[in-house]
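Student: Quick one: the structure is below, questions incoming.
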Amino acid sequence: MAKCSKFSTIYPSYLDSTKTIKLGRRIALTNCIAKPTVYDISEALQTLKLRHVVQPNKGYSRDVESRWYNPGRVLVELPENNVVYDIDVDTDVIDGSGQNSKMKLIQEVSSIIPKLPGRSRRLEAAKKQLAEEKEKERSKKSKGSSTSGGSGTGGSSNKKKGKKKR
(Lines give C-alpha, C1' and ligand atoms only; values in the text may rest on other atoms or scores of the structure.)
Protein backbone atom coordinates (compact mmCIF):
# COMPACT_ATOMS: atom_id res chain seq x y z
CA MET A 1 0.00 0.00 0.00
CA ALA A 2 1.21 3.48 -0.81
CA LYS A 3 2.00 6.03 1.85
CA CYS A 4 -0.82 8.41 2.76
CA SER A 5 1.48 11.37 2.15
CA LYS A 6 1.22 10.68 -1.60
CA PHE A 7 -2.56 11.00 -1.46
CA SER A 8 -4.41 14.29 -2.00
CA THR A 9 -7.52 15.16 -0.02
CA ILE A 10 -10.85 16.15 -1.57
CA TYR A 11 -13.65 17.38 0.68
CA PRO A 12 -17.23 17.75 -0.63
CA SER A 13 -17.04 21.46 0.27
CA TYR A 14 -14.49 21.94 -2.52
CA LEU A 15 -17.22 21.20 -5.10
CA ASP A 16 -20.30 22.58 -3.30
CA SER A 17 -22.11 25.42 -5.06
CA THR A 18 -23.89 26.40 -1.83
CA LYS A 19 -20.55 27.24 -0.16
CA THR A 20 -18.50 30.39 -0.45
CA ILE A 21 -14.78 30.49 -1.08
CA LYS A 22 -14.32 31.39 2.58
CA LEU A 23 -16.15 28.18 3.57
CA GLY A 24 -13.90 26.09 1.34
CA ARG A 25 -15.18 26.07 -2.23
CA ARG A 26 -12.15 25.63 -4.50
CA ILE A 27 -13.49 25.91 -8.03
CA ALA A 28 -15.59 28.42 -9.95
CA LEU A 29 -19.28 28.56 -9.15
CA THR A 30 -20.18 27.66 -12.74
CA ASN A 31 -18.36 24.31 -12.38
CA CYS A 32 -19.75 23.48 -8.91
CA ILE A 33 -22.66 21.24 -8.01
CA ALA A 34 -25.19 21.47 -5.19
CA LYS A 35 -24.46 19.39 -2.08
CA PRO A 36 -22.13 16.66 -3.32
CA THR A 37 -21.44 13.76 -0.96
CA VAL A 38 -18.31 11.74 -0.34
CA TYR A 39 -19.93 8.79 -2.08
CA ASP A 40 -20.63 10.90 -5.18
CA ILE A 41 -16.96 11.85 -5.30
CA SER A 42 -15.97 8.22 -4.80
CA GLU A 43 -18.22 7.07 -7.62
CA ALA A 44 -16.78 9.72 -9.95
CA LEU A 45 -13.24 8.65 -9.07
CA GLN A 46 -14.20 5.05 -9.82
CA THR A 47 -15.24 6.10 -13.33
CA LEU A 48 -11.82 7.75 -13.73
CA LYS A 49 -10.23 4.53 -12.41
CA LEU A 50 -8.20 6.36 -9.78
CA ARG A 51 -7.20 4.75 -6.52
CA HIS A 52 -8.88 6.43 -3.55
CA VAL A 53 -9.97 5.94 0.06
CA VAL A 54 -13.24 7.22 1.55
CA GLN A 55 -13.08 8.51 5.13
CA PRO A 56 -16.74 9.16 5.99
CA ASN A 57 -16.25 10.46 9.55
CA LYS A 58 -13.78 13.27 8.86
CA GLY A 59 -14.80 16.93 8.78
CA TYR A 60 -13.51 19.93 6.90
CA SER A 61 -11.99 22.43 9.31
CA ARG A 62 -13.11 25.57 7.44
CA ASP A 63 -16.76 24.55 7.32
CA VAL A 64 -18.30 23.62 10.66
CA GLU A 65 -21.63 22.62 9.08
CA SER A 66 -19.94 19.96 6.96
CA ARG A 67 -19.02 18.00 10.08
CA TRP A 68 -22.71 17.46 10.82
CA TYR A 69 -24.62 17.66 7.54
CA ASN A 70 -22.12 16.45 4.95
CA PRO A 71 -19.18 14.76 6.68
CA GLY A 72 -16.30 12.93 5.09
CA ARG A 73 -13.35 13.27 2.78
CA VAL A 74 -11.74 11.29 0.00
CA LEU A 75 -8.02 10.61 -0.25
CA VAL A 76 -6.96 10.28 -3.88
CA GLU A 77 -3.71 9.01 -5.31
CA LEU A 78 -2.91 11.41 -8.13
CA PRO A 79 -1.73 9.81 -11.37
CA GLU A 80 1.96 9.35 -12.14
CA ASN A 81 3.82 11.45 -14.72
CA ASN A 82 2.96 9.16 -17.63
CA VAL A 83 -0.80 9.00 -16.92
CA VAL A 84 -2.88 11.82 -18.37
CA TYR A 85 -6.66 12.13 -18.50
CA ASP A 86 -8.56 14.40 -20.84
CA ILE A 87 -10.42 17.31 -19.30
CA ASP A 88 -12.64 19.74 -21.18
CA VAL A 89 -12.36 22.73 -18.87
CA ASP A 90 -11.52 26.27 -19.95
CA THR A 91 -9.18 27.00 -17.05
CA ASP A 92 -6.58 24.25 -17.14
CA VAL A 93 -4.39 24.29 -14.07
CA ILE A 94 -1.17 22.42 -14.63
CA ASP A 95 1.75 21.96 -12.27
CA GLY A 96 5.14 23.36 -13.27
CA SER A 97 6.20 19.80 -14.15
CA GLY A 98 3.37 19.43 -16.67
CA GLN A 99 1.42 16.94 -14.55
CA ASN A 100 -2.30 17.02 -13.98
CA SER A 101 -2.93 18.82 -10.73
CA LYS A 102 -5.41 18.44 -7.92
CA MET A 103 -7.47 21.40 -9.17
CA LYS A 104 -7.83 19.83 -12.59
CA LEU A 105 -8.94 16.59 -10.95
CA ILE A 106 -11.53 18.43 -8.81
CA GLN A 107 -12.93 20.11 -11.92
CA GLU A 108 -13.18 16.77 -13.72
CA VAL A 109 -14.92 15.15 -10.75
CA SER A 110 -17.41 18.03 -10.57
CA SER A 111 -18.24 17.56 -14.25
CA ILE A 112 -18.81 13.80 -13.79
CA ILE A 113 -20.95 13.88 -10.62
CA PRO A 114 -24.19 15.30 -12.14
CA LYS A 115 -24.25 12.41 -14.64
CA LEU A 116 -23.99 9.67 -12.00
CA PRO A 117 -27.02 7.38 -11.65
CA GLY A 118 -26.56 7.03 -7.88
CA ARG A 119 -26.74 10.78 -7.39
CA SER A 120 -29.89 11.15 -9.48
CA ARG A 121 -31.59 8.35 -7.50
CA ARG A 122 -30.59 10.00 -4.21
CA LEU A 123 -31.92 13.41 -5.31
CA GLU A 124 -35.22 11.89 -6.51
CA ALA A 125 -35.66 10.07 -3.19
CA ALA A 126 -34.97 13.31 -1.28
CA LYS A 127 -37.58 15.18 -3.36
CA LYS A 128 -40.11 12.41 -2.75
CA GLN A 129 -39.47 12.46 1.00
CA LEU A 130 -39.81 16.25 1.11
CA ALA A 131 -43.14 16.06 -0.74
CA GLU A 132 -44.42 13.43 1.71
CA GLU A 133 -43.40 15.57 4.70
CA LYS A 134 -45.23 18.59 3.25
CA GLU A 135 -48.33 16.46 2.67
CA LYS A 136 -48.27 15.22 6.28
CA GLU A 137 -47.88 18.78 7.53
CA ARG A 138 -50.85 19.92 5.43
CA SER A 139 -53.01 17.07 6.71
CA LYS A 140 -52.10 17.87 10.32
CA LYS A 141 -53.03 21.53 9.82
CA SER A 142 -56.37 20.68 8.22
CA LYS A 143 -57.24 18.18 10.98
CA GLY A 144 -56.15 20.60 13.71
CA SER A 145 -58.30 23.49 12.42
CA SER A 146 -61.46 21.36 12.06
CA THR A 147 -61.33 19.90 15.59
CA SER A 148 -60.34 23.05 17.47
CA GLY A 149 -63.81 24.42 18.08
CA GLY A 150 -66.59 23.71 20.54
CA SER A 151 -66.71 23.15 24.26
CA GLY A 152 -63.37 21.58 24.97
CA THR A 153 -61.34 22.11 28.12
CA GLY A 154 -58.38 23.39 26.12
CA GLY A 155 -59.89 26.82 25.45
CA SER A 156 -59.05 30.11 27.12
CA SER A 157 -59.90 29.70 30.80
CA ASN A 158 -59.48 32.39 33.42
CA LYS A 159 -59.30 29.85 36.21
CA LYS A 160 -55.97 29.65 37.98
CA LYS A 161 -54.30 26.32 38.13
CA GLY A 162 -52.46 24.91 41.06
CA LYS A 163 -53.09 23.84 44.62
CA LYS A 164 -56.34 24.95 46.27
CA LYS A 165 -55.99 27.35 49.17
CA ARG A 166 -57.96 26.59 52.35
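The values are calculated or read from the model by the stated rules, or taken from the named source; none is laboratory data. Computed from a predicted model, the values in this text were never measured in an experiment. Please note: Cβ atoms are built from the backbone with ideal geometry, for glycine as well, and neighbour counts cover all protein chains shown. Note: accessible area is taken over every heavy atom of the protein model, side chains too, but ligands, DNA and RNA are not part of it. Shrake-Rupley method; radii C 1.70, N 1.55, O 1.52, S 1.80 Å.
Student: Using 0.36 nm per residue, how much length does the chain from R122 to A28 gain when fully extended, once their Cα-Cα distance is taken away?
Tutor: On the way: separation 94, 0.36 × 94 = 33.84 nm, distance 2.44 nm.
Result for the pair: 31.4 nm of gain on full extension.
Student: Let me ask something additional. Measuring from label point to label point, each 7 Å out along Cα→Cβ, what is the S17 to L48 span in nm?
Tutor: Label-label distance for S17 and L48, simple model: 2.0 nm.
Student: May I ask you to give the percent of accessible area on the stretch 97-137 that is carbon plus sulfur, with a probe radius of 1.4 Å?
Tutor: C and S fraction of accessible area: 54 percent.
Student: In nm, what is the difference between 0.36 nm times the number of residues separating Q129 and Q55 and their Cα-Cα distance?
Tutor: Details: separation 74, 0.36 × 74 = 26.64 nm, distance 2.70 nm.
Computed gain between Q129 and Q55 is 23.9 nm.
Student: To continue, here is another question. Pull out the extension gain between E137 and K159, defined as 0.36 nm times the separation in residues minus the alpha carbon to alpha carbon distance; nm, one decimal.
Tutor: 4.6 nm
Student: Non-local amide H neighbours of S8 (under 5 Å, H modeled in plane, Pro and chain starts lacking H): which ones?
Tutor: V76, E77, L78
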